[in-house]
Amino acid sequence: MNMIFKRKLIIPQEIKEMYPVSSRGALAKKNNDEAIADVFTGKNDRLLLVIGPCSADREDAVIDYISRLREVQEKVKDKIVIIPRIYTNKPRTNGTGYKGMLHQPDPKADSDMLKGLISIRKLHMRALNETGFSCADEMLYPENHKYLSDLLSYVAVGARSVEDQQHRLTASGLDVPVGMKNPTGGNLSVMMNALHAAQSPQTFIYRNWEVESKGNLLCHAILRGYVDARGNSHPNYHYEDLEILCDLYAESGLANPAVIIDTNHANSGKKYLEQIRISKEVLHSTRCNPDIFRLVKGLMIESYIEDGCQKAGEGIYGKSITDPCLGWEKTERLIYELAELR
């Protein structure tokens, strides 16, 4: 076996005992969970915004950014529910590059996953305790979800993971909304099959236990665009794409038809400023068709303090070290504009 077993890592129960959620934090998460679930079940028609950095790279800047979101949330609370992104795992297309705070709590240092596990829990806890936001994270490693399960209000399964059996089955056992992205090649049947699996009861192995899940009826689609065989990006957020997804849901028999539109990635061709235009176009589509209005629950936007991105060693505060993001001034303006359009 070509692996070196370096050390046995702390288990979720132990880290939760070391860094427990406060009663105030638990209540805030419960209230957030209920508000978000009401959007997905159609009890409330506010717009969800899953918004924040492409990847969480440093605690101080992430908390600064989320604190700013808190002030904006209070001003748009009648129209918008904000779910901050704290993405602590970063999938890499070719397996190289910065893999997120779990791997490298200090982007300039070597990988240290024990420190990483502690760092990501402390970051999510700080966000909850200081801002009242229970945030979103990507489930890159299904077996790691329990390290943060009492802190998260939203989970995303990425385009490279959506076909994986363990991701689908684990999603079926979570009690918060799980968004399944369309795969990088764009095949929507793959995404719909993932939703079927995640909404259904399952029996499987999880962290060396035989477990049974009840199915997660809050699992839903995320459209993020796709890349063709020649490497060209193509969007799938237009009116016609949303009509197609409406039909697929109608044929599927799935509960709570819903989609979040990822405004970056292949939908923007990684041109981060396009997120502004794409967000407004999606809302325009919802006003033209009541079925699309009911289907589209929100937007996913990559945003940070500074526009664009940088290399990991440059050290510019609040600027992404992975994909480029909208800066704060543009972000704040966009949120207010979306609230008016809603």
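The values are calculated or read from the model by the stated rules, or taken from the named source; none is laboratory data. Treat the numbers as computed from the prediction; the structure is a model and nothing was measured. Cβ placement follows ideal geometry from the backbone for every residue including glycine, while neighbour counts extend to all protein chains displayed.
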Query raised in the report: Here are some conditions: (1) in contact with a His (Cβ under 7 Å, 6 or more places away or on another chain); (2) within 27 Å of residue 180 (Cα to Cα); (3) at pLDDT below 95. Residue 40 meets all but one. Which one does it not meet?
Result: (3)
Report task. Among the numbered conditions (1) of a type in the set (Lys, Arg); (2) loosely packed, with under 15 Cβ neighbours inside 10 Å; (3) farther than 25 Å from residue 157 by Cβ, tell me where residue 58 comes up short. Result -> (2)
Query raised in the report: Among the residues of region 225-244, which ones are under 20 Å from the mean Cα position of the chain (by Cα) and on the phi > 0 side of the Ramachandran plot?
Result: 225
Report task. Go through the residues of region 118-137 one by one and say whether even a single one is buried (at least 22 other Cβ atoms within 10 Å of the Cβ) and among the acidic types (Asp, Glu). Result -> yes
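One line per residue, one yes/no per condition, for (1) among the hydrophobic types (A, V, I, L, M, F, W, C); (2) surrounded by 19 or more Cβ atoms within 10 Å (Cβ to Cβ):
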residue	(1), (2)
161	no, yes
195	yes, yes
202	no, yes
224	no, yes
227	yes, no
Query raised in the report: Does region 89-103 contain at least one residue that is polar (S, T, N, Q) and modelled with pLDDT of 95 or more?
Result: no
Query raised in the report: Within region 154-175, is even one residue out of contact with any strand residue (DSSP E or B) (no Cβ under 9 Å at 6 or more places or on another chain) and under 29 Å from residue 64 (Cα atoms)?
Result: yes
Report task. Could you tell me whether region 146-154 includes any residue that is closer than 17 Å to residue 83 by Cα, touching a Pro at 6+ places or on another chain (Cβ under 8 Å) and not polar (S, T, N, Q)? Result -> yes
Report task. Taking the options 106, 164, 150, 112, name whichever one is under 25 Å from residue 326 (Cα atoms) and of a type in the set (Asp, Glu). Result -> 106
Report task. Starting from region 192-216, take each residue that is touching a residue at least 40 places away in the same chain (Cβ under 8 Å) and over 21 Å from residue 179 (Cα atoms) and list its partners that are among the acidic types (Asp, Glu) and not in a loop (DSSP other than H, G, I, E, B), counting only C-beta distances under 6 angstrom and pairs at least six apart or across chains. Result -> 207/143
Query raised in the report: Yes or no: residue 197 small (Gly, Ala, Ser) and at pLDDT below 95?
Result: no
Requested in this report: Go through region 214-230 residue by residue and tally those that are assigned to a loop (DSSP other than H, G, I, E, B) and either polar (S, T, N, Q) or under 18 Å from residue 158 (Cα atoms) (or both).
Outcome: 6
Query raised in the report: Failed condition for residue 77, given (1) out of contact with any helix residue (DSSP H, G or I) (no Cβ under 8 Å at 6 or more places or on another chain); (2) at pLDDT below 95, with all others met?
Result: (2)
Query - Scope region 254-308; condition out of contact with any strand residue (DSSP E or B) (no Cβ under 9 Å at 6 or more places or on another chain) and of a type in the set (S, T, N, Q); matching residues - result: 289
Report summary line: Listed by first then second residue, the pairs whose first member lies in region 62-75 and is touching a residue at least 60 places away in the same chain (Cβ under 8 Å) and surrounded by fewer than 20 Cβ atoms within 10 Å (Cβ to Cβ), whose partner is of a type in the set (Gly, Ala, Ser) and assigned to a helix (DSSP H, G or I), with beta carbons under 7 Å and at least 6 positions apart or on separate chains, are 63/127
Query raised in the report: Can you name every residue in region 101-117 that is surrounded by fewer than 21 Cβ atoms within 10 Å (Cβ to Cβ) and not charged (D, E, K, R)?
Result: 103, 107, 109, 111, 113, 114
